[in-house]
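The values are calculated or read from the model by the stated rules, or taken from the named source; none is laboratory data. Keep in mind the model is a prediction, meaning the values are calculated, not measured. When we count neighbours, we look across all protein chains shown, and the Cβ atoms used for this are built from the backbone with ideal geometry, even at glycine. Accessible surface is based on the protein model in full, side chains and every heavy atom, while ligands, DNA and RNA are left aside. Shrake-Rupley method; radii C 1.70, N 1.55, O 1.52, S 1.80 Å.
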Protein chains: 2
Amino acid sequence: MTKLGCPMNLAEHTELERALGERLATSGFRFTSQRRHVYDALLQTLDHPTADDVFMRTKRQMPDISHATVYNCLAALVHCGLVRQVQLQRGATRYCPNMERHCHYCCDECGTIFDVTMPAETPTMPSPKGFQVDHYEIAVHGLCANCAGLRKK
Amino acid sequence: MTKLGCPMNLAEHTELERALGERLATSGFRFTSQRRHVYDALLQTLDHPTADDVFMRTKRQMPDISHATVYNCLAALVHCGLVRQVQLQRGATRYCPNMERHCHYCCDECGTIFDVTMPAETPTMPSPKGFQVDHYEIAVHGLCANCAGLRKK
DNA sequence: TCAATAATTGGAATTATTCTAAATAAGGCC
DNA sequence: GGCCTTATTTAGAATAATTCCAATTATTGA
Ligand SMILES: [Mn+2]
Ligand SMILES: [Mn+2]
Ligand SMILES: [Zn+2]
Ligand SMILES: [Zn+2]
């Protein structure tokens, strides 16, 4: 039931699909075409879309997908470590499929989020007693070049 | 119209109030008793309350304050640099009146947020071209001692 | 004291997400 | 391939957090 006419290179597509299936499986999730399409939508444009952005993008390939399913799929992808959830300001949660070590520059005017690769240093900090660290997140807030320019006028 | 019977030391109270008034004024805000009470509520307990927590706490001293006003006051306090807004997970925004340099340890199980003072180093990173940095925020996610203990069983 | 305007208020509206229960689809087994 | 078990999907209702609104009230400066 694989939809043809997909713009992605066939071999590459199959490889990504295989990797996705494997990841899902090791977390006890089933491989569904909804999950594949949602993941595809995330990888197509590496901005940091909201669940609703992902919904609209996925709809183009799979017009009958539901809102609730997009939320479910995103949760599954986050759960099995293929996608990061980012929450830098109030409002809709954003999703980032770039799993490399990076921090986020966030324009507080237009909401654009930039990935910036970080130097591999361990920023040792004294944790609260007994705190079990899972991961950390560095966010730099300010104005993007564009918004900074507009504001000066 | 200052309500008496406040548990806070009188001289100290007056000092905080003066400082608050000054800060508000320099940002073009008026000094209202609602803003004073909201700020008091934030300073009384240095956890990281949600707007609704602040609402309930403020209500004890000022039973007629409205929900909308608490949101307005918090926005004003954030605007004039007396309070930080923190958004570490999905859900209600949290407010932090500790304006010293610190990062946040956030328990993803119970939601508790711990302040940890940071070493005064500048974590130089290559900003995206033209990005105008305002501030940054470091968040460490994981489990607090308590929740980590409960989960092991 | 008075006028101008900023702030407060209760309630309605909006936004983003989660919940629910019925229908459908995956994956393992014969 | 067909069947069974169980996970997933689905539409729509429900919820949570916040913002908006328009009328009232309070603050400030002249
Ligand atoms: Mn990212
Ligand atoms: Mn804090
Ligand atoms: Zn911008
Ligand atoms: Zn905890």
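Looking across the stretch B:90-107, the residues that are within 14 Å of DNA strand D (Cβ to nearest atom) and within 15 Å of the chain's Cα centre (by Cα) come down to B:92, B:93, B:94, B:95, B:96. Suppose we keep only residues that are part of a helix (DSSP H, G or I) and either more than 7 Å from chain A (Cβ to nearest Cβ) or within 17 Å of residue A:117 (Cα to Cα) (or both) within the stretch B:119-153. Which one would you say is most open to solvent (accessible area, probe 1.4 Å)? Per the stated criteria, the residue is B:152.
When we screen A:106, A:96, A:110 for residues that are more than 7 Å from chain B (Cβ to nearest Cβ), in contact with a helix residue (DSSP H, G or I) (Cβ under 7 Å, 6 or more places away or on another chain), within 24 Å of residue B:84 (Cβ to Cβ) and without any contact (Cβ under 8 Å) to a residue 60 or more places away in the chain, the only hit is A:110. Suppose the filter is farther than 27 Å from residue B:92 by Cβ and away from ligand 2 (no atom under 16 Å from the Cβ); does residue A:126 pass it? No: the conditions fail for residue A:126.
When residue A:75 is tested against (1) in contact with a Phe, Trp or Tyr (Cβ under 8 Å, 6 or more places away or on another chain); (2) closer than 30 Å to residue B:150 by Cα; (3) assigned by TED's automatic domain parsing to the domain that holds residue A:33, just one condition goes unmet, and that condition is (1).
Out of the stretch B:95-105, which residues are farther than 17 Å from residue B:19 by Cβ and either of a type in the set (Gly, Ala, Ser) or away from DNA strand C (no atom under 16 Å from the Cβ) (or both)?
Answer for the stretch B:95-105, where residues must be farther than 17 Å from residue B:19 by Cβ and either of a type in the set (Gly, Ala, Ser) or away from DNA strand C (no atom under 16 Å from the Cβ) (or both): B:96, B:101, B:102, B:103, B:104, B:105.
In the stretch B:35-65, the qualifying residues are those that are open to solvent by 50 Å² or more (accessible area, probe 1.4 Å) and over 28 Å from residue B:104 (Cα atoms), and the one that is nearest to DNA strand D (Cβ to nearest atom) is B:64.
Of everything in the stretch B:68-93, what is more than 20 Å from residue B:134 (Cα to Cα), within 14 Å of another protein chain (Cβ to nearest Cβ) and not hydrophobic (A, V, I, L, M, F, W, C)? Give them in sequence order.
B:71, B:89, B:90, B:91
Is it true that some residue in the stretch A:19-38 is within 12 Å of the chain's Cα centre (by Cα) and either closer than 25 Å to residue B:141 by Cα or away from ligand 1 (no atom under 16 Å from the Cβ) (or both)? Looking through the stretch A:19-38, at least one residue is within 12 Å of the chain's Cα centre (by Cα) and either closer than 25 Å to residue B:141 by Cα or away from ligand 1 (no atom under 16 Å from the Cβ) (or both).
Quick grid of which residues meet (1) among the hydroxyl-bearing types (Ser, Thr, Tyr); (2) under 21 Å from residue A:31 (Cα atoms); (3) within 13 Å of the chain's Cα centre (by Cα):
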site	(1), (2), (3)
A:47	no, no, yes
A:53	no, no, yes
A:73	no, yes, yes
A:76	no, yes, yes
A:80	no, yes, yes
A:109	no, no, no
A:115	no, no, yes
A:130	no, no, no
A:141	no, no, no
